[in-house]
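Chemist: I have a structure I would like to understand better, so I am pasting it below and will then ask my questions one at a time.
The values are calculated or read from the model by the stated rules, or taken from the named source; none is laboratory data. Note that the coordinates shown come from a computational prediction; the quantities given were computed from them, not determined experimentally. So basically every Cβ, Gly included, is an ideal-geometry build from the backbone, and we count neighbours across all protein chains shown.
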Amino acid sequence: MRRVKGNDMITVNGLPVELNGSRNLLEFLNEQGYDQRVIVIGLNDKIVPKGTYPGIVLKDNDVLDVLHFVSGG
C-alpha cells in the first residue's frame, strides 16, 4: 500500500490500513462497518473496554485486532 505523506498507518488484523486524518477508535470501527455488539478489540496487545473507545485516538503504527464472536454449533 502506498502511503500518503502525513497520513498515519495502522495494522488491522494483520493488514496495513491508512488513516485519513485523526480518528478515535469508535469512529474508525463505525466507518469500517463493524458491529460493536459482536466484537472485542485488542490494541497493541491489550484488550480495550468498549466504554473507552471514544477516548482512544488511533496513532501511527498502532496494531488493532478485531475479534468477532460467532455462535452456532
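Chemist: Out of the stretch 57-73, which residues are of a type in the set (A, V, I, L, M) and assigned to a strand (DSSP E or B)?
Modeler: Keep residues of the stretch 57-73 that are of a type in the set (A, V, I, L, M), which gives 57-58, 63-64, 66-67, 70.
Residues satisfying the conditions are 57, 63, 64, 66, 67.
Chemist: Within the stretch 1-11, can one find any residue that is among the charged types (D, E, K, R) and in contact (Cβ under 8 Å) with a residue 24 or more places away in the chain? I'd like the intermediate steps shown before the answer.
Modeler: Taking the stretch 1-11 as the starting set, the residues that turn out to be among the charged types (D, E, K, R) are 2-3, 5, 8.
Right, trim to in contact (Cβ under 8 Å) with a residue 24 or more places away in the chain and you get 8.
Yes: one or more hits.
Chemist: I would also like to ask the following. Surrounded by 12 or more Cβ atoms within 10 Å (Cβ to Cβ), within 20 Å of residue 14 (Cβ to Cβ) and within 12 Å of the chain's Cα centre (by Cα): does that describe residue 57?
Modeler: Working: surrounded by 12 or more Cβ atoms within 10 Å (Cβ to Cβ): yes; within 20 Å of residue 14 (Cβ to Cβ): no; within 12 Å of the chain's Cα centre (by Cα): yes.
Judged against the criteria, residue 57 is not a match.
Chemist: Any idea how many residues of the stretch 2-26 are of a type outside the set (Lys, Arg), at pLDDT below 90 and at negative phi?
Modeler: Adding up the residues that qualify gives 3.
Chemist: Further, regarding this structure: If you go through the stretch 44-56, how many residues are part of a loop (DSSP other than H, G, I, E, B) and touching a helix residue (DSSP H, G or I) at 6+ places or on another chain (Cβ under 8 Å)?
Modeler: We begin by selecting, within the stretch 44-56, every residue part of a loop (DSSP other than H, G, I, E, B); these are 44-45, 49, 56.
Add one more test, that the residue is touching a helix residue (DSSP H, G or I) at 6+ places or on another chain (Cβ under 8 Å), and what stays is 56.
Looking only at that region, the number is 1.
Chemist: Out of the stretch 4-43, which residues are assigned to a helix (DSSP H, G or I) and not β-branched (Val, Ile, Thr)?
Modeler: Keep residues of the stretch 4-43 that are assigned to a helix (DSSP H, G or I), which gives 25-32, 36-38.
Scanning the stretch 4-43 gives 25, 26, 27, 28, 29, 30, 31, 32, 36, 37.
Chemist: Mind telling me which of the residues 29, 58 ends up being at pLDDT 95 or above and in contact with a strand residue (DSSP E or B) (Cβ under 7 Å, 6 or more places away or on another chain)?
Modeler: On the way: 29 fails: in contact with a strand residue (DSSP E or B) (Cβ under 7 Å, 6 or more places away or on another chain).
Just a single option satisfies the conditions, and that option is 58.
Chemist: Can you run down the residue pairs with Cβ atoms below 7 Å, 6 or more apart or on separate chains, where the first is in the stretch 42-56 and on the phi > 0 side of the Ramachandran plot and the partner is at pLDDT 95 or above and assigned to a strand (DSSP E or B)?
Modeler: 44/63
Chemist: May I ask you to list pairs of residues, at least six apart or on different chains, whose Cβ atoms are under 8 Å apart, with the first in the stretch 12-35 being more than 15 Å from residue 60 (Cβ to Cβ) and the second being at pLDDT below 95 and surrounded by 10 or more Cβ atoms within 10 Å (Cβ to Cβ)?
Modeler: So the pair list comes out as 29/36; 31/23.
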